[in-house]
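> First the structure, then my questions, so here it is.
The values are calculated or read from the model by the stated rules, or taken from the named source; none is laboratory data. Values in this document were obtained by computation on a predicted structure and should not be read as measured data. Ideal geometry is used to build each Cβ from the backbone, glycine not excepted, and the neighbour counts take in all protein chains shown. To get the accessible areas, we keep the full protein, side chains included, count just its heavy atoms, and leave off ligands, DNA and RNA. Shrake-Rupley method; radii C 1.70, N 1.55, O 1.52, S 1.80 Å.
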Amino acid sequence: MAEPMLSVKGLNAWYGESHILHGVDFDVRQGEVVTLLGRNGAGKTTTMKSIMGLVGRRSGSILFEAGETIGLPAYKIARLGIAFCPEERGIFASLDVAENLMLPPAIGEGGMTVETIFELFPNLRERLSSQGTKLSGGEQQMLAIGRILRTGARLLLLDEPTEGLAPVIVQQIGHTIHRLKKEGFTILLVEQNFRFAATVADRHYVMEHGRIVDEIANDALAANMEKLHEYLGV
Amino acid sequence: MHEIFGIPPQALFGQLLLGLINGSFYATLSLGLAIIFGLLNIINFTHGAQYMMGAFVAWMLLNWLGLNYWAALVIAPVLVGAFGVLIERTMLRHLYKLDHLYGLLLTFGLALIIQGVFRNYFGSSGLPYRIPDALRGGTDLGFMFMPNYRGWVIAVSLVVCLVTWFVIEKTKLGAYLRAATENPPLVQAFGINVPRMVTLTYGFGVALAAFSGVLAAPIYQVSPQMGADLIIVVFAVVVIGGMGSIMGAILTGFGLGVIEGLTKVFYPEASATVIFVVMAIVLLVKPAGLFGRVR
Ligand SMILES: Nc1ncnc2c1ncn2[C@@H]1O[C@H](COP(=O)(O)OP(=O)(O)OP(=O)(O)O)[C@@H](O)[C@H]1O
Ligand SMILES: [Mg+2]
């Protein structure tokens with residue numbers, strides 16, 4: 001089998017004195033959609049930020065396309081072809097929608113055209129000159145996803161893209177993820193909503209207290225429902 | 001037209017002009033402070049000393065190397081800006097995560113050191129700097145006589161301020177700057193070298209101060225103290241305008257220069273304090289400043 005696109009081994013991370021991740025191990029293969037499931041505070045966001053180089057102190061190994069990234073600053077990690085859509089969306093209030101959309105610089109060939117992004121998220125086209133943070137929550141999420149599709153990054157880290165959104169918008173984001181998978185993007189997705197996760201992902205990892213405690217293939221999800229309820233406390 | 005509100009028009013326009021000149025310096029300096037504060041979270045108390053360095057570099061270029069005003073207008077900001085880059089790389093970068101107070105103390109200390117060094121070498125009496133030949137003399141505007149050099153200072157300051165505003169508010173580079181002011185880690189995560197941007201931004205803000213210093217050299221004496229006197233007023237201007245806004249800094253700078261000038265005409269006793277009175281009132285009514293956003 002080919003080398004995984006992303007391979008995380010023995011990842012530890014700290015915020016100041018608090019030790020948050022205690023040896024996280026998982027990998028994501030080219031073209032897969034993989035989720036990190038887990039309760040609030042399990043360390044999902046911290047895992048993504050560690051991959052992106054946004055956590056002050058981390059150790060272990062994060063291989064991206066076989067290259068070690070653990071010692072690199074965030075801007076160099078991004079230029080390898082990883083893009084991050086944060087949980088709080090990170091839409092800039094001092095930028096209008098067009099500026100927000102065009103902000104991330106292209107880091108490689110083959111990014112999506114703006115026209116295709118508008119096809120995915122038609123709302124954005126009509127709001128281009130609005131202030132970024134004047135958009136509705138759903139539109140902000142579309143903008144946050146849309147702007148990282150332009151850059152040519154091949155691995156997308158999406159942190160709870162459906163959080164707090166209306167069902168129709170969750171559905172739209174689900175369609176988008178399918179479409180992105182078809183276009184060849186590789187996606188690591190953080191979700192609390194495993195019903196949604198089940199509709200888009202190939203595999204799931206379950207996190208607890210800063211560790212990966214289980215791995216479940218999507219077609220084994222139904223058989224593992226009870227276990228999952230327990231993990232997620234739903 | 002002999003008098004306006006009982007004031008001879010010559011005196012009124014004369015003070016208005018002086019007000020606009022002072023306003024040019026207030027605007028350019030507070031603009032630099034606002035940009036630096038926005039991205040670095042540091043209140044750059046060295047700003048006045050860097051303005052003074054601009055004037056001194058112009059003086060040294062002329063008297064030691066024979067390089068004229070026009071060359072100084074380019075070279076002095078570059079040199080002093082490079083000095084700023086050095087300060088940022090070696091000192092300021094260690095303070096970003098700390099309270100504003102640390103940056104303020106460090107830059108204040110640096111200002112005292114720089115001023116002390118210049119006083120040691122050049123004395124405190126002040127050195128003259130000639131107005132460049134092309135800008136000598138004046139123009140009769142009909143309602144008043146305008147010394148050419150003063151007109152030039154106002155015009156070029158206005159242009160520099162507006163170009164800076166345009167770059168920050170309307171260009172891609174400016175979008176990076178605004179975004180990094182809001183959320184530096186995320187901008188890093190998009191592949192932008194934010195630390196380098198921070199360094200260059202500080203260098204630019206410092207260069208802007210030095211540029212102002214060169215403009216000031218022929219008007220005021222070139223002296224080690226020139227920046228320290230000015231910067232206190234400029235900080236009041238920044239407080240009145242609010243730290244967050246570029247256009248706010250520009251408008252407040254020119255506006256307060258004019259208010260100060262008018263006060264000299266109508267109530268001269270208050271002219272030295274009017275800006276601080278305005279500051280006190282604004283702080284009471286709008287603590288974040290006229291154009292500021294609470295952050
Ligand atoms: N900046 C920070 N400083 C200190 N501790 C933090 C910080 N951010 C998160 N933590 C702590 O780290 C732990 C993991 O947080 P993280 O945000 O990774 O969880 P999560 O799995 O993403 O949770 P959620 O589902 O609520 O988003 C939590 O205990 C949290 O309190
Ligand atoms: Mg999270």
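> Probe 1.4 Å, all protein chains in place: accessible area of B:ILE87 in Å², nearest 10?
The value for B:ILE87 is about 10 Å².
> Which shape class applies to the stretch B:95-196: rounded if a/c is under 1.5, otherwise prolate when a/b exceeds b/c and oblate if not, where a ≥ b ≥ c are the square roots of the Cα gyration tensor eigenvalues?
Oblate is the answer for the stretch B:95-196, as a/c is 1.5 or above yet b/c matches or exceeds a/b.
> I'd like the accessible area for B:PHE45, computed on protein heavy atoms only with a 1.4 Å probe and all protein chains in place. Round to 10 Å², please.
40
> Another question, if that's okay. Round to the nearest 0.05 the FRET efficiency obtained for B:ASP229 and A:SER18 when R0 = 41 Å and r is the Cβ-Cβ distance. Please list the in-between numbers first.
On the way: r = 48 Å, r/R0 = 1.18.
About 0.25, to the nearest 0.05.
> Could you compute how much accessible surface A:GLU3 exposes when probed at 1.4 Å, giving the result in Å² to the nearest 10?
Looks like 140 Å² after rounding.
> Within straight cross-link reach of A:LYS44, meaning Cα distance under 23 Å, which lysines are found once same-chain residues fewer than 8 apart are removed?
A:LYS9, A:LYS76, A:LYS181, A:LYS227
> While we're here: What is chain A's relative contact order, in percent, from Cα pairs under 8 angstrom and six or more apart in sequence?
Working: 452 pairs, mean separation 65.0, N = 234.
Once normalised by length, the contact order is 28 percent.
> Show the residues, 5+ positions off or on another chain, whose built amide H is closer than 5 Å to the amide H of B:GLY242.
B:LEU290, B:PHE291
> Leaving ligands and nucleic acids out of the surface, order B:TRP64, B:TRP152 by accessible area at 1.4 Å, largest first.
These residues rank, largest area first, as B:TRP64, B:TRP152.
> Then there is this: For B:TYR96 and B:MET144, what does the FRET efficiency come to when R0 = 35 Å and r is the distance between their Cβ atoms, rounded to the nearest 0.05?
In this case the efficiency is close to 0.15.
> Another question about this same structure. Take B:LEU283, project a point 7 Å from its Cα along the Cβ direction, then tell me which residues of the stretch B:215-256 have their backbone nitrogen under 19 Å from it.
Backbone N within reach: B:229-245, B:249, B:252-253, B:256.
> Still on this structure, I have one more. Let me have the relative contact order for chain B, percent, based on Cα pairs under 8 Å that are six or more residues apart.
Relative contact order of chain B: 37 percent.
> Between A:ARG29 and B:ARG196, take the C-beta separation as r, use R0 = 25 Å, and let me know the FRET efficiency to the nearest 0.05. Walk me through the numbers on the way to the answer.
Working: r = 35 Å, r/R0 = 1.38.
After rounding to 0.05, the efficiency reads 0.15.
> If amide H atoms are built 1.01 Å from N in the plane of the peptide, which residues on other chains or at least 5 residues away come under 5 Å of the amide H of A:LEU36?
A:LEU189, A:VAL190, A:GLU191, A:TYR205
> To continue, here is another question. Under 20 Å Cα to Cα from B:LYS97, which lysines show up? Leave out anything in the same chain fewer than 8 places away.
Leaving aside lysines fewer than 8 places away in the same chain, those within reach of B:LYS97 are A:LYS49.
> Taking H as built 1.01 Å from N, whose amide H comes closer than 5 Å to the amide H of B:GLY138, not counting residues under 5 places away?
Counting only residues 5 or more places away or on other chains, the set is B:ASN148.
> Calculate the length of the line joining the C-alpha centroid of the stretch B:201-235 to that of the stretch B:55-95, in whole Å.
First find each Cα centre; the distance between them is then 11 Å.
> Which order do B:ASP99, A:ASP202 take by accessible area at a 1.4 Å probe, largest first?
Largest to smallest exposure gives the sequence B:ASP99, A:ASP202.
> Within the stretch B:29-64, whose backbone N sits under 19 Å from a point 7 Å along Cα→Cβ of B:ALA82?
Of the residues in the stretch B:29-64, B:50-64 have backbone N under 19 Å from the label point off B:ALA82.
> HN-Hα J couplings of the stretch A:71-79 from phi, Karplus 6.51/-1.76/1.60, θ = phi - 60°, integer Hz, Gly and Pro as x?
3J(HN,Hα) across the stretch A:71-79, in whole Hz: x, 8, x, 3, 5, 6, 4, 4, 6.
> Right, next: Sorted by accessible area with a 1.4 angstrom probe, largest first, how do A:LEU158, A:LEU72 fall?
A:LEU72, A:LEU158
> Could you derive backbone 3J(HN,Hα) for the stretch B:147-153 from the dihedral phi with the Karplus parameters 6.51, -1.76 and 1.60 (θ = phi - 60°), listing whole Hz in sequence and x where the residue is Gly or Pro?
x, 4, 4, 5, x, 4, 4
> Here is a further query. With label points built 7 Å along Cα→Cβ from the Cα atoms of A:GLU65 and A:GLU88, find their separation and express it in nm.
For A:GLU65 paired with A:GLU88, the spin-label model returns 3.1 nm.
> If you don't mind, another one. Quick one: putting +1 on the C-beta of Lys and Arg, -1 on the C-beta of Asp and Glu, what dipole do you get for chain A around its Cα centre, in Debye to the nearest 20?
Roughly 360 debye for chain A.
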